[in-house]
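Structure, as structure tokens:
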Amino acid sequence: MQFQQLLYFVAVAETRHFTQAAEQVHVSQPSLSQQVRALEKELGAELFSRARGNIALTDAGEALLPLARRILADADTARIEVQELAQLRRGRIRLGATPSVCTGLLPDVLRAFHDRHPGIQLLLEEGGSHDLVRELARGALDLAIVVLPLPSPSPALTTVELLREDLVVVSSPDARKFGGKSVRVADLRRERLVMFRHGYDLRELTVAACRAEGFEPEFAVEGGEMDAVLGFVRAGLGVAVVPRMVAERAGRGLRMTPLARPTLHRTIALAHRSDVAPPRAARELQRMLLAPLGAP
């Protein structure tokens with residue numbers, strides 16, 4: 001089994017078209033087809049169904065695809081690692097983070113990292129913890145900042161706790177009920193919430209807290225990302241539960257009210273694959289993320 005054969009196989013699997021796949025990997029279509037057939041012969045199974053020009057993965061192809069993607073990602077990581085100069089003058093980091101972390105925690109850290117290592121390219125992917133864990137597992141990310149506990153714990157991942165952050169209620173300034181020193185989760189019973197989309201860690205946490213108090217939350221609007229949720233709250237559509245760090249950075253037009261005991265909080269962690277060490281540049285960013293907490 002050759003590396004190029006896996007590369008051609010993945011290209012066909014993603015495009016479902018031999019000619020387009022050949023253009024994507026810059027090789028002639030006959031050469032690509034020949035290599036794919038050689039791979040099938042070596043494996044002893046057809047990888048594609050080619051009925052009347054329609055290209056579809058067989059069961060064997062479906063089984064091979066995630067493994068091939070991981071092999072290619074690992075090879076790419078190895079290439080980047082070897083090519084990095086000793087003093088981190090160039091390279092790249094593929095970092096995943098939840099949207100609220102991108103808004104609250106990351107800007108200062110990434111600015112400091114960029115100032116210290118301007119030649120390192122930062123590739124950021126936003127998503128929920130579930131999606132980020134999946135991307136880590138298939139080798140598409142070097143590091144990910146996720147919310148614990150993970151939706152589907154994996155022994156193939158290593159996580160290190162970064163911080164525990166309180167959640168607060170944000171409202172428009174004219175929402176009189178939230179002008180005091182604190183508010184309870186139970187006080188949200190008669191409030192309309194501006195709610196994040198499905199898959200957002202904050203959505204699941206907020207809904208679970210309301211149900212623990214014996215009520216189902218009512219949504220004024222749902223389905224937004226962090227910036228949209230804050231904008232809807234500013235417009236007076238409802239209130240939202242967000243991380244304190246996000247609320248403090250949100251600027252004017254929002255009132256922040258702490259939650260009374262028992263407070264709500266979330267645990268932020270840094271995750272990477274256990275079987276492959278992150279590239280050197282990623283390890284340096286990892287060190288900077290952990291440094292404020294006194295870690296080595």
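What separates the Cα centres of the range 187-238 and the range 1-76 is a distance of 44 Å. Helix 59-83 against the longest principal axis of the chain: what's the angle in degrees, Cα atoms only, rounded to the nearest 10? Helix 59-83 sits roughly 80 degrees off the main axis of the chain. P(r) tail, the chain: Cα-Cα pairs separated by more than 25 Å, 59% of all pairs. Over the Cα atoms of the range 28-82, each weighted equally, I'd like the Debye log10 I(q)/I(0) at q = 0.19, 0.22, 0.23, 0.31 Å⁻¹, rounded to two decimals. Scattering profile of the range 28-82, log10 relative to I(0): -0.79, -0.94, -0.98, -1.16. Pairs of alpha carbons in the range 111-257 separated by more than 23 Å make up 45% of all such pairs.
Just want to confirm a number: the relative contact order over the range 170-239, from Cα pairs under 8 angstrom separated by 6+ residues, in percent.
46 percent
With contacts taken as Cα pairs under 8 Å at a separation of at least 6 residues, the range 1-53 carries a relative contact order of 31 percent.
Between the helical axis of 29-43 and the longest alpha-carbon principal axis of the chain there is an angle of about 90 degrees. Taking every DSSP bridge with both residues inside the chain, close to 60 percent are antiparallel. Taking all protein chains into account, the per residue accessible area for the chain stands at 51 Å² (1.4 Å probe).
Heavy-atom accessible area for Ser154, with the other protein chains in place and a 1.4 Å probe, reaches approximately 40 Å². Once C-alpha pairs closer than 8 Å and six or more residues apart are averaged by separation and normalised to the residue number of the chain, the relative contact order reads 21 percent. Summarised as an ellipsoid, the range 1-147 has semi-axes of 36, 18, 13 Å, derived from the eigenvalues of the Cα gyration tensor scaled by 5 and square-rooted, with the largest first.
Listed values for the range 129-135 are Karplus-derived 3J(HN,Hα) couplings in whole Hz (6.51 cos²θ - 1.76 cosθ + 1.60, θ = phi - 60°), namely 4, 4, 5, 5, 4, 5, 5, and x replaces Gly and Pro. In the range 1-87, the portion of solvent-accessible area held by carbon and sulfur atoms comes to 51 percent [1.4 Å probe, whole percent, DNA, RNA and ligands not counted]. Take every DSSP beta bridge whose two residues both sit in the range 157-296; close to 70 percent of them are antiparallel.
Among the protein heavy atoms of the range 129-266, carbon and sulfur supply 50% of the accessible surface, probe 1.4 Å, non-protein parts ignored. When the chain is described by a simple charge dipole with +1 on each Lys and Arg Cβ and -1 on each Asp and Glu Cβ, the residue from Thr15, Ala156, Leu105 located farthest towards its positive end is Leu105. The angle between the Cα long axis of helix 201-212 and the main principal axis of the chain comes to about 50°, on a 0 to 90 degree scale. Phi angles of the range 220-227 translate, via the Karplus equation with coefficients 6.51, -1.76, 1.60 and θ = phi - 60°, into HN-Hα couplings of 7, 7, 9, x, x, 8, 4, 4 Hz per residue; Gly and Pro are given as x.
The values are calculated or read from the model by the stated rules, or taken from the named source; none is laboratory data. Everything quoted here is computed from the prediction, not taken from an experiment. With ideal geometry, Cβ positions are generated from the backbone for all residues, glycine too; neighbour counts draw on all protein chains shown. Heads up: the accessible areas ignore ligands, DNA and RNA and are worked out on the full protein's heavy atoms, side chains in. Shrake-Rupley method; radii C 1.70, N 1.55, O 1.52, S 1.80 Å.
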